[in-house]
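Report on the following structure.
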Amino acid sequence: MILGPLLALVTFLVLGPLDQGASSMGLRLVLLTDLVYVLVVAALVLGSVARLIAARRAKSAGSRLHLRLTGAFAMLALIPTVTVAVFAALTVNIGLEGWFSDRVRNVVGTSLAAAQAYENEQRQDLVEDARDLARALEEARRVDVFVADGDLLAQGQAVIQRGLREAFLIDGTGQIRARGEGSYLFNFEEPTAEQIAQAAASENGVVIIEDWANNEFRALLRMPSSLDRYLYVSRDVDGEILALLDDTQETVRLYQQLESERGRVLFEFGLLYLGFAVILILAAIWTGLWFAERLSGPVGRLTGAAQRVGAGDLDVRVTEEQGDDEIAMLGRYFNQMTRQLKGQRETLLENTRQIERRRRLFDSVLSSVTSGVVGLDADGRIAFVNRSAERLLDWHEDRQALDLAVAVPEFGPLFAELKNSPSQVAQRDIKVTRQGRLENLLVRMSTRQTEDGRLEGYVVAFDDVTDLVSAQRMAAWGDVARRIAHEIKNPLTPIQLSAERIKRKFSREVADSEKLDQLTDVIVRQTGDLRRIVDEFSKFARMPEPDRQAQDLVDVLRDAVVLQRQGQPGVDIAAELPDAPIAAEIDATMIGQALTNLIKNAGEAIESLQKEGAPEGHVPRIEVSLTQDAGRAEIRIADNGIGLPEDRARLFEPYVTTRAEGTGLGLPIVKKIIEEHGGTLVLEDAPVFAGATDHFGAMAVIRLPLSPVT
């Protein structure tokens, strides 16, 4: 952070003028140091910014604040830098415009012209003096062709003294052949071969040699009348004027160079300022990153810790900063808060665990009882249902939050009675139909109240007493059947015998014997019917123990089908029986009686449908099938008759029948026979037969345990 501004200051001090600093070794070293600094800081800044952006994308805690603070510091450094850059560029440009204005350009040009005019004047004077001396010497040689070079040069001494300092006659090799007065050898500067060759090649030209070191101009020209002679003269020039001339020329050259390189100067200045700006901006950004880290670090840690607390981790702690500022106090308060929350949560968890243990105990108790239990809130909506209630009410979906009167309409009147009654308990025997079966439920409802007597809800408990009621009815009817059989069976035989004797004895003596025969036949026939009813009562009251023996169930069922085919010729009885025998420990007589009764009932159901009006295209049909699976045999006897009533469960009760001429003991006896063999009998809706549309008959399903095949 400190190195950046320090390098900028050192660079400015070492730089100096723009046109001289480029060749300075110190400046190059400083600029190289600046470049290394910029690269290092830029790499650090880019790495930090990349980490910030990655943290921001990952939604890390504190990353947004960190990024904002860094951006704010960068903008604080960038805005003044750009502003100063604009004003500096304008200032430099205006300054350069002043330097390279037309007036300055005219002054520089005039100074150069004046200096060049003085130089040209000195050169012109030297040329004229040299030519005058050369003409004088040529004139003297024409007068005396054999005059010596020294004498010849002595004759032109007057011309030499007029404006020349020295005069020499030299040959083509530069050797002195004659010298004038005041012309000394130690001051002689031998012309170069190129200068001599240039003078020899010129007809009337004069070669001017400028000697700025000795403050003199020299002229070299060939003597026309001599084959190998050159006049070599010199003239003194004012040294200060020559120095001013050099300075003027150098100044003009530098001015023209700067004017031609004006763009480069501006570029170098801009590049230099850009370097300063980059150094300062990077230093500011790095400072911002450092400061933002110091400021947003605790905030980010607090945010991350708060997120973990929100996720349920109350063991998290933040590093407490030193000092008494708000951030340090916030960290301490946060740790104190998490400790308190952890203690409170542990207390709540312990209370929750106790409540959960009690609830599980309550649920296990309610789940284990056979009675159905339904809990209601104060508004009568279902809040709890145990498994027995779901089973008894045949619920296969969630009934939570439903009104009891909607979920179980049969319970509605009793619940309304409880709510409108001052009593806290209501009880009633309610009949509920589920899956075609009428169930007797003993329902008891009571209120639930808080300690202060406020209504909290209701409890509905009920038991299925269908089997109990059925057993009571069966027991009662069994006792009635025994009494009836005992009381009626005894006089039946004397009545029948008496009627037969009357018929034999008085049929010949009575005038209307035919009428007597009819009456006595009626007595005998009705007595037989009463005997049949008494026999059924006896069978129902005293069901004999089955004589179980290994029998082929296929043969037993086939015999029953053959018998009923003969007894019901108008019904198509189809049997689907396996070819292999199915052995079972059964009483063949009792099972045959049960199967015959069921097939007979199926035919009577078809007859009842035809009496009421069978659908168009109805074909009377009974389908009998026998299958074996998992050690049990299943017999299905289905018909397309009138079907089952809604209260199909009561068909197994004694003296319940759908036919006027029925006794109501057939199905109870069949059910008793099947149950005595360890099996079950169920009445279901038969599937639609082939060729029918949507008519459903009845189907009896018998399941019997099998014995191993021997």
Shape descriptor, the stretch 305-365: equivalent ellipsoid semi-axes (Cα gyration tensor, sqrt 5λ, whole Å, largest first) stand at 37, 10, 6
Rounded to whole Å, √(5λ) for the Cα gyration tensor eigenvalues of the stretch 369-464, largest first, gives 22, 15, 12
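So, by mean Cβ neighbours within 10 angstrom, what's the order for 597-606, 670-679, 73-82, 133-142 with the highest one leading?
Values: 597-606: 22.4, 670-679: 19.6, 73-82: 15.3, 133-142: 17.5.
Ranked from most to least packed, the peptides come out as 597-606, 670-679, 133-142, 73-82.
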Once phi for every residue in the stretch 279-287 is put through the Karplus expression 6.51 cos²θ - 1.76 cosθ + 1.60 (θ = phi - 60°), the whole-Hz ³J(HN,Hα) values, with Gly and Pro written as x, are 4, 5, 5, 4, 4, 5, 5, 4, 4
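Taking N as the number of residues in the stretch 549-705, what is its Cα Rg relative to 2.2 N^0.38 Å? All intermediate terms of the calculation are to be shown ahead of the outcome.
Numbers: Rg = 15.1 Å, N = 157, 2.2 N^0.38 = 15.0 Å.
Expressed relative to 2.2 N^0.38 Å, the Cα Rg reads 1.00.
Of all the Cα-Cα pairs you can form in the stretch 300-434, what percent are over 20 Å apart?
Values: 5901 of 9045 pairs.
So the pairs more than 20 Å apart make up 65 percent of the total in the stretch 300-434.
Highest mean first, what order results for 118-131, 579-592, 303-316, 277-290 on Cβ atoms within 10 Å? Kindly include the intermediate steps, with their values, before the conclusion.
Details: 118-131: 16.5, 579-592: 18.1, 303-316: 14.1, 277-290: 20.1.
Averaged packing, sorted descending, gives the order 277-290, 579-592, 118-131, 303-316.
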As a percent rounded to 5, the proportion of antiparallel DSSP bridges among beta bridges in the stretch 549-705 is 85
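Every number here is computed from the coordinates shown, using simple stated rules; none is lab data. Model, not experiment: these values are computed from the prediction. Cβ atoms come from the backbone with ideal geometry, glycine included; neighbour counts cover every protein chain shown.
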